[in-house]
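Please read the structure below before turning to the comments.
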Amino acid sequence: MNRIRVVLGDDHNLVRQGIRALLGLSHICVVGEAKDGRELVRQVKELTPEVALIDISLPLLNGIEAARKISHVAPKTRVIFLTMYQDRGYVTQAQEVGAWGYVLKEEAPEQLITTIETVANGRHCFPSELAGETVRIEGKKLGPREREVLQLIAEGKKNKDIARIMIRSLHTVRNHRAHIMRKLGVHTAAELVQAANEMGLVRLEALGDKS
Amino acid sequence: MKQIRVAIADDHTLVRVGLARLLSSYPAIKVVGTAKDGAAAIELAKDKQPAVFLLDMAMPQLNGLAAIPYVKAVSPDTHILVLSMYDEAEYVQAALEKGAAGLVSKTISADDLYAAIVSVAQGKCLSAEKPLTAREREVVALLADGKTNDQIGSSLGISTKTVGHHCQRAMEKLDIHTRAGLVAYAVRIGLNRKN
């Protein structure tokens, strides 16, 4: 069987190295790694792997928005999300941006390998328990650029950093910010962060929420 | 050479198995077992008495922090290293107070994790950074609830200027540069939930 080339996007170095070690024994080859969504898009554009394996919560540009960009810059690369979230909202978003697969981090390594193989062979692979009716996503009223800006605001970036990261002028960033606040009807930093969290642009889970 | 006996608890199988495989590639480490939740971690500690236990912070049943005293109770010589998605000083402090030897973020490399394991196996603790004062925590919590500096000042009975001062200090300590960043921090560590 031919080797399957994969680029891996996850902000946790230990997780990336672990996944790489797990795939090392198969015919799947990790050809690139990225720790944030923007680096990921650059890597995928340059390396055009068969598969991009992407964590949904990535800094600077989350996995969903990164996948949207990948569909433009590397249309042949098939996206699989690798996530801890059993969340129908995310599954819906994943399908909307054209993802081919969705793997939970609680799955066994064999399941990850099967999903990558299935997708590389041109078939979609979503967990059956998360399939079904789609979920309405809040925050549709923001455009992609505005969502990018909102994520960066919620990550604590200053306007001038946002401008640098997005390669836009400070003026444009300020305009986006004003539009976001008007469209969402919010006024404070706290409300902006909350909105970003509700839209899934960032994940702010307090300690112990899972127990 | 005497190997360091290491156990790993993480609810995400891909992460748990990946970590075990990664650490097994270091000749000085022997992975003696893995567990998928806090309760299983305690059983494993009792059974294997590992030198070092890597406990994921966010696990079902019993999270990593809550499991620390139980693991210490059944295996007093085990040094505990908490693994976390975040490495905020608040968490590091909480882990140390519970009896862990340290907390490391999953953003570090395998080599750094290896170095941390060797270090705690020798009985060393990984130190905490400066945590926020009680007053700074209150101010940040109210900020995250959407209050203005004026409102925070009147509810705490301090001047608006002092509120600004506390925010500034908190931001410096945490290396955060915007109010939105401070809010996100507060939500993440659960400060805004009235504790």
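Tabulated data for the structure shown
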{"read-out": "Subset of the range B:162-186 [more than 7 Å from chain A (Cβ to nearest Cβ), free of Cβ contacts under 8 Å to residues at least 12 places away in the same chain and surrounded by 21 or more Cβ atoms within 10 Å (Cβ to Cβ)]", "value": "none"}
{"read-out": "Among (1) at pLDDT 95 or above; (2) open to solvent by 10 Å² or more (accessible area, probe 1.4 Å), the one test that B:Leu62 misses", "value": "(1)"}
{"read-out": "Output for the range B:83-93, where each listed residue is under 23 Å from A:Asp36 (Cβ atoms) and buried (at least 18 other Cβ atoms within 10 Å of the Cβ)", "value": "B:Leu83, B:Ser84, B:Met85, B:Tyr86, B:Glu88, B:Tyr91"}
{"read-out": "Those helices (runs of 4 or more DSSP H) lying entirely in the range A:1-73 with at least 3 residues more than 14 Å from chain B (Cβ to nearest Cβ), open to solvent by 10 Å² or more (accessible area, probe 1.4 Å) and not β-branched (Val, Ile, Thr)", "value": "A:37-47, A:63-73"}
{"read-out": "Test for B:Ser127: is it small (Gly, Ala, Ser), open to solvent by 40 Å² or more (accessible area, probe 1.4 Å) and within 15 Å of the chain's Cα centre (by Cα)", "value": "yes"}
{"read-out": "Residue check for B:Leu96: within 26 Å of B:Val187 (Cα to Cα), open to solvent by 20 Å² or more (accessible area, probe 1.4 Å) and facing chain A (nearest Cβ under 10 Å)", "value": "no"}
{"read-out": "Test result for A:Ala99, assigned to a loop (DSSP other than H, G, I, E, B) and surrounded by 15 or more Cβ atoms within 10 Å (Cβ to Cβ)", "value": "yes"}
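Let's see how each residue does on (1) open to solvent by 10 Å² or more (accessible area, probe 1.4 Å); (2) in contact with a helix residue (DSSP H, G or I) (Cβ under 8 Å, 6 or more places away or on another chain):
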site: B:Ala20; (1), (2): yes, no
site: B:Leu23; (1), (2): no, yes
site: B:Thr34; (1), (2): yes, yes
site: B:Gly38; (1), (2): no, yes
site: B:Glu43; (1), (2): yes, no
site: B:Lys46; (1), (2): yes, yes
site: B:Ala51; (1), (2): yes, yes
site: B:Asp77; (1), (2): yes, no
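The values are calculated or read from the model by the stated rules, or taken from the named source; none is laboratory data. Computed from a predicted structure; not experimentally measured. Using ideal geometry, Cβ is built from the backbone for each residue, glycine included, and neighbour counts are taken over all protein chains shown. Note: accessible area is taken over every heavy atom of the protein model, side chains too, but ligands, DNA and RNA are not part of it. Shrake-Rupley method; radii C 1.70, N 1.55, O 1.52, S 1.80 Å.
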